[in-house]
Amino acid sequence: MGLGALAHVVMIVFLLSVMLSVGLETTGRAILAAGRNTRFLARALVANLVVVPLLGVLIARAFPLPRGLAIALLLLAGAPGAPLSVGFTTRVREDLPLAAALHLILTAAAIVVSPLLFWFMLPAQAHVTLPVAPILRYVLLLLALPLVAGRLIQARAPAAAAWLRRPTRVVAALTLPAFILATLGARREATRAIGGTAIVAVLVLILLGLLAGWLAGGPRRGTRQIVACATSMRNTALCLLLAVQAYPGQGVDVGVAAFSALMVPPSMLLSLFEGRRRKRLAAAAPAAPAPA
């Protein structure tokens, strides 16, 4: 169950606009500094690469799932770096470098660590080889290139960068719901197909991942939101590629598509709640005194 051509185009535009916006609005030093925030990154990596995979194994054993759906759940639990998660954290403006650094690191972790996780988590007869070349193309063309382009524009043409910031934010804000709408029919069909038991198992993994990320995000609510969304939303694009290549006709792709539908509402609700909370706090804050 793949995505249509329109959905692929919208996803590419979304990722390009988000990463370009990050490059236009943050400095290279800020992103590098965020990447050196070892405590924050260690907590986020433990949540994504230890806690969620362990939860996936426990849930797959606790629920009576068909083999294809169990494999889908395990693949998702071992695949961090969801592209969509960036769209739910870009409004945390003060922590934008952290969000960008975390997404890049989790995507790199999917290349290095996910094969080891799959080897331990999947049944022996279901082991899979990770397609490294498509992942590297994704990282270079859709993440690194627009990020570097935004930084270069900001450094060499500040006026152009200032003009481009708002349009790129608008494009990113519009393409995220457009992608969700473009894939809504396929996601609904997949959710109906997996049945009630599998839906409960998937929701348990998503909500526990959200909680684990929130707890791992540190004392500030902004960083908690970033890690919570990044942890609960798994790399469904990678898992769908694996499902199609390694498990054709086994229902793994249907499980991945259903997860991609169910993982969006919790992060969306958290993002909306935190956004309104920040607005209320900003409105209640005392105004700065006028200059004498």
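The table that follows gives values for the structure above.
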{"item": "Residue in the stretch 141-160 that is surrounded by fewer than 17 Cβ atoms within 10 Å (Cβ to Cβ), part of a loop (DSSP other than H, G, I, E, B) and either modelled with pLDDT under 80 or of a type in the set (Gly, Ala, Ser) (or both) present", "result": "yes"}
{"item": "The stretch 126-137, subset in a helix (DSSP H, G or I) and in contact (Cβ under 8 Å) with a residue 60 or more places away in the chain, residue most open to solvent (accessible area, probe 1.4 Å)", "result": "Pro134"}
{"item": "Those residues of the stretch 17-40 which are at pLDDT below 85, among the charged types (D, E, K, R) and surrounded by fewer than 17 Cβ atoms within 10 Å (Cβ to Cβ), in sequence order", "result": "Arg29, Arg36"}
{"item": "Checklist (1) open to solvent by 50 Å² or more (accessible area, probe 1.4 Å); (2) of a type in the set (A, V, I, L, M); (3) modelled with pLDDT under 85 applied to Ile180, failing item", "result": "(1)"}
{"item": "In the stretch 207-229, the residues that are open to solvent by less than 10 Å² (accessible area, probe 1.4 Å) and either among the hydrophobic types (A, V, I, L, M, F, W, C) or touching a strand residue (DSSP E or B) at 6+ places or on another chain (Cβ under 6 Å) (or both)", "result": "Ile226, Val227, Ala228, Cys229"}
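Rundown of residues vs (1) more than 19 Å from Pro266 (Cβ to Cβ); (2) touching a helix residue (DSSP H, G or I) at 6+ places or on another chain (Cβ under 9 Å); (3) hydrophobic (A, V, I, L, M, F, W, C), yes/no style:
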position	(1), (2), (3)
Ala161	yes, yes, yes
Val170	yes, yes, yes
Val204	no, yes, yes
Pro219	yes, no, no
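The values are calculated or read from the model by the stated rules, or taken from the named source; none is laboratory data. Please read all numbers here as calculations on a predicted model, not as lab measurements. Don't worry about glycine lacking a Cβ; one is built from the backbone with ideal geometry, like all the others, and counts go over all protein chains shown. Surface areas here come from the heavy atoms of the whole protein model, side chains and all, with no ligands, DNA or RNA. Shrake-Rupley method; radii C 1.70, N 1.55, O 1.52, S 1.80 Å.
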